Each structure stands twice: as structure tokens, then as C-alpha cells.
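To start, the structure under review is shown below, and the notes come after it.
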Amino acid sequence: MIKTIILAGGCFWCTEAVFQRLKGVLEVVPGYIDGQVKNPAYREVCTGKTGHAEAISVRYDTSQIQLVDLLLIFFNTHDPTTLNRQGNDTGTQYRSGIYYTEVEQKEVIQLVIKQLTDENVFEDNIVTEIKEASPFYDAEKGHHSYYNRNKEQAYCTYTISPKMDKIKNYFSNYLNESYER
């Protein structure tokens with residue numbers, strides 16, 4: 001079955017790069033969610049004034065990857081305990097959020113967060129917001145597959161490449177063969 005979930009874990013270049021590499025993920029689209037302005041532009045979202053989060057829309061095949069697995073990878077490739085911040089990226093547009101497209105997803109999200117909390121996986125409390133998906137707006141084309149086109153850029157080298165190493169080391173069984181390991 002094909003499903004969609006929207007994830008916000010800081011800069012969408014980072015989350016897009018991680019999820020593009022997973023088996024069973026059919027499409028990853030960077031964009032904006034949960035704001036007050038229709039069809040926002042990157043320059044507007046970056047100000048933090050539109051209320052949007054940078055996010056990715058993930059279409060996945062449940063016969064190849066389960067939502068639980070996607071969520072565990074999500075929680076392990078960003079810091080869900082910092083409010084409105086991921087590394088040097090600060091502002092509400094970089095918040096941690098999961099935007100579900102069906103009620104069953106909400107239940108799974110809550111169970112995963114409870115499990116991570118009960119097992120004390122993180123030192124601090126998880127502050128990831130959980131909401132029903134509101135309209136999602138695709139980012140401008142220049143933001144699509146950003147890491148794949150700009151691996152040598154400083155931001156990619158220092159911020160995204162370590163995430164790639166993490167998924168190779170800890171989640172290699174989920175990696176799609178079409179991407180280098």
C-alpha cells in the first residue's frame with residue numbers, strides 16, 4: 001500500500017537526502033507545511049514569519065518499509081529534543097514535526113515516541129510536534145535533490161554528510177541499492 005507522511009527535522013536538504021536513500025521510499029519532495037501563507041517562497045519561510053516548517057513529503061510503500069522504521073530513522077538523524085533548532089539552523093521553520101495523513105499514523109507516531117521516551121533514548125524530552133497534515137507546498141525546484149547536486153558545498157559536507165554516514169552505519173539494511181553506500 002502506498003502512503004504519505006510529512007516530516008520536518010530541520011533543513012529539508014538534510015531530511016530529503018536521508019529519505020531519498022531508503023528502500024520502499026518512492027518519492028521525497030521538499031517543501032513547507034503548517035504556516036499561514038499560501039504558496040510561500042523559500043525567502044519568506046526563512047524569515048520565520050510565515051509559520052511554516054521546512055519539511056519533506058515522503059511517499060512510501062508499506063510492503064517494503066513500515067512507518068515505524070521511517071520514524072526510527074527520522075528520530076535518529078536529527079535532534080527531536082531541541083525546540084526550533086537543528087545545529088546552527090535556528091527558528092520555527094527548523095522545528096521537529098511529524099504531520100500525519102491518516103489517524104492510524106498518529107497512533108504509530110505516539111507509540112514510537114512513547115517507546116523512545118520509556119527507553120530514555122534521548123537525554124532531554126522529545127519536543128517533536130505531531131499534527132494532522134495541513135496543505136503542503138513544494139519547495140522551488142532548486143531545493144530538490146540539493147545534496148545530490150551539491151555534496152562538496154560546505155553546508156552539505158559538515159551537516160548532511162555525517163547523516164549519510166549514520167544511515168550507512170546504523171541503517172544500511174534500509175538503503176536503496178541505487179545510492180552509493
_Label zone at Y158, where the point sits 7 Å out along the Cα-to-Cβ direction: segment 85-102 residues whose backbone N lies under 18 Å_ = 85-91
*Could you work out the helix-only [θ] at 222 nm for the chain, with each DSSP H run of four or more residues adding -39,500 (n - 2.57) and the total divided by the number of residues, to the nearest 500 deg cm²/dmol?*
-8000 deg cm²/dmol
_FRET efficiency for M1 and Y170, using Cβ-Cβ distance with R0 set to 25 Å, rounded to 0.05_ = 0.40
*All other residues with a Cβ under 15 Å from the Cβ of T90 taken together, and with Lys, Arg as +1 and Asp, Glu as -1, what is their net charge?*
0
*Quick one: P(r) of the chain from all Cα-Cα pairs, 5 Å bins, percents rounded to integers, in order of increasing distance.*
1, 9, 18, 22, 23, 16, 9, 2, 0
*asked:* Order these by the 10 Å Cβ neighbour count, fewest first: R85, R59.
replied: R59, R85
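Throughout, read-outs are computed from the coordinates displayed, never taken from laboratory work. Note that the structure is a prediction, hence the values are computed from the model and not measured. No Cβ is skipped: glycine too gets one built from the backbone with ideal geometry, and neighbour counts run over all protein chains shown.
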